[in-house]
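The values are calculated or read from the model by the stated rules, or taken from the named source; none is laboratory data. None of the values given here were measured: they were computed from a predicted structure. Glycine gets a Cβ as well: all are built from the backbone with ideal geometry, and neighbour counts include every protein chain shown. Please note that ligands, DNA and RNA were not included when accessible areas were found on the heavy atoms of the full protein model with its side chains. Shrake-Rupley method; radii C 1.70, N 1.55, O 1.52, S 1.80 Å.
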Amino acid sequence: MPILNSLNELHVEITDWRRKLHQNPELQYDVFETAKFVEEQLRSFGVDEITTGLGKTGLVALIRGNGGPGKTIGLRADMDALPIEEISGKPWASKTKGKMHACGHDGHTSMLLGAAKHLASTRNFKGTVALIFQPAEEGGAGAKAMIDDGMLDTFAIDEVFAMHNMPGIPVGEFAICHGAIWASTDEFEITLTGRGGHAAYPHTATDTIVAGANVVTALQTVASRNTNPLESLVISVTKFHAGTAMNVLPEQAVISGTIRTLKNELRDLAETRLKSIANNIAASYDMAAEVHYKRNYPVTVNHNTQTDFAADIAAEIVGENKVNRMAAPNMGAEDFSYMLEQRPGTYIMMGNGDTPALHNAAYDFNDEAIPYGVSYWVKLAERALA
């Protein structure tokens, strides 16, 4: 079944919304103007109820169907941008220096608004659609903040769904998988403290740089020698700070990085091994190690029933041959994981075509994808609440 004709007609209007949002990016929880724009549009559509200030700047709008009471499904879009200087050269490029929508959240917000306009005018379903517009997906855990403010319970949301554009997947195609689809993301910082000294007399000091180099090397053995090669674990050291002068052995070295995995038990293993490696190597060099380990977004795990349902909806729109039901998981992270820990649901990827990658300064959301995304939301809502 092709995309809905009515959504083809909305395409121009939704594109205008998307480009306006793209020109005015906001970061993390400071999405005040974006949230205001979303609220204004939702009120003009005649939705039944709007609650603002959830998770600081998030909002939820309810649309009740003409079929009477029923369950409530949540459809989520993220609103925040990234601290990147845009180089796309598009006429609608960011007007704010150092900020841009480099992940397509402007497109996600606009598509959910398009679905809201259609659903508010037709209401061909039983129950309630909860439209979730979320701040701070990019590292701020806005989804968790909205949950902590009682969103799921306040609106009695039974299931949750999310969608993300994906460069490299052709426009008009979808990808999804059962189980883990995005990785967890943890951070670590290791501080090695020894005795500083003159570089000409290394025997009088304890060399934190040599010890640190051994820590960096040993950390790479956690994935290669402590885990099944068929499982996914990434440990990346991304910062190594030590020393201020050419002839001084520094007293301290600080090593930082990120750990990604698709299984919670591997998170536990990685944390345990990292601490053991840091402490034991430090001890072997007669110095101390202090390890700070922070767990951020959990693994994003799709639920089987909702994943099959979402794939079926996508297939109705674009055809079965354009839906990849066994997509490879991604080692990036997504805070929709917090919602999926609380409610059954799923996360699907939608093609953005041959564009620069996400988080790239040249990236831009592909407006040709809009009718597919809006059709997906509308059909999913109507079918889930049939």
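Cβ contacts < 8 Å: first residue more than 16 Å from Ala183 (Cβ to Cβ), restricted to the stretch 329-345; second residue surrounded by fewer than 17 Cβ atoms within 10 Å (Cβ to Cβ), any location; separation 6+ or different chain. Result?
Pro344/Thr305
Mind counting the residues in the stretch 350-360 that are in contact with a strand residue (DSSP E or B) (Cβ under 7 Å, 6 or more places away or on another chain) and open to solvent by 10 Å² or more (accessible area, probe 1.4 Å)?
Taking the stretch 350-360 first, the residues in contact with a strand residue (DSSP E or B) (Cβ under 7 Å, 6 or more places away or on another chain) are 350-352, 359.
Among the residues that remain, those that are also open to solvent by 10 Å² or more (accessible area, probe 1.4 Å) are: 359.
The total comes to 1.
Kindly establish whether Gly68 is at pLDDT below 95 and at positive phi.
yes
Which ones in the stretch 361-386 are open to solvent by less than 10 Å² (accessible area, probe 1.4 Å) and polar (S, T, N, Q)?
Within the stretch 361-386, just Ser375 meets the criteria.
So which residues in the stretch 197-208 are over 18 Å from His292 (Cα atoms) and surrounded by 17 or more Cβ atoms within 10 Å (Cβ to Cβ)?
If the condition is that a residue be over 18 Å from His292 (Cα atoms) and surrounded by 17 or more Cβ atoms within 10 Å (Cβ to Cβ), then Gly197, Ala205, Thr206, Asp207 are the ones that fit.
Can you tell me which of (1) among the aliphatic types (A, V, I, L, M); (2) buried (at least 18 other Cβ atoms within 10 Å of the Cβ); (3) in contact with a helix residue (DSSP H, G or I) (Cβ under 8 Å, 6 or more places away or on another chain); (4) more than 28 Å from Tyr376 (Cβ to Cβ) is the one Val237 doesn't meet?
Failed condition: (2).
Which residue out of Glu9, Glu49 is touching a strand residue (DSSP E or B) at 6+ places or on another chain (Cβ under 7 Å) and without any contact (Cβ under 8 Å) to a residue 24 or more places away in the chain?
Checking each option against the conditions leaves just Glu49.
In the stretch 26-69, which residues are open to solvent by less than 40 Å² (accessible area, probe 1.4 Å), part of a helix (DSSP H, G or I) and under 15 Å from His105 (Cβ atoms)?
Thr34, Ala35, Phe37, Val38
Please verify whether Thr272 is in contact with a Pro (Cβ under 9 Å, 6 or more places away or on another chain), modelled with pLDDT of 95 or more and either over 23 Å from Gly58 (Cβ atoms) or outside any helix (DSSP H, G or I) (or both), treating the condition exactly as stated.
no
Kindly indicate the residue of the stretch 240-252 that is farther than 13 Å from Glu189 by Cα and open to solvent by 90 Å² or more (accessible area, probe 1.4 Å) and also farthest from the chain's Cα centre (by Cα) among those meeting that condition.
Met246
Against the conditions (1) touching a residue at least 60 places away in the same chain (Cβ under 8 Å); (2) surrounded by fewer than 22 Cβ atoms within 10 Å (Cβ to Cβ); (3) among the charged types (D, E, K, R), where does Arg260 fall short? Just the number, please.
(2)
Of the numbered conditions (1) outside any strand (DSSP E or B); (2) open to solvent by less than 10 Å² (accessible area, probe 1.4 Å), Leu75 fails exactly one; give the number of that condition.
(1)
Applying the selection to the stretch 209-234, what residues are over 29 Å from the mean Cα position of the chain (by Cα), free of Cβ contacts under 8 Å to residues at least 60 places away in the same chain and open to solvent by less than 40 Å² (accessible area, probe 1.4 Å)?
Of everything in the stretch 209-234, just one residue is over 29 Å from the mean Cα position of the chain (by Cα), free of Cβ contacts under 8 Å to residues at least 60 places away in the same chain and open to solvent by less than 40 Å² (accessible area, probe 1.4 Å), namely Gly212.
Applying the selection to the stretch 278-305, what residues are open to solvent by 20 Å² or more (accessible area, probe 1.4 Å), in contact (Cβ under 8 Å) with a residue 60 or more places away in the chain and within 22 Å of the chain's Cα centre (by Cα)?
Tyr293, Lys294, Arg295, Asn296, Val301, Asn304, listed by residue number.
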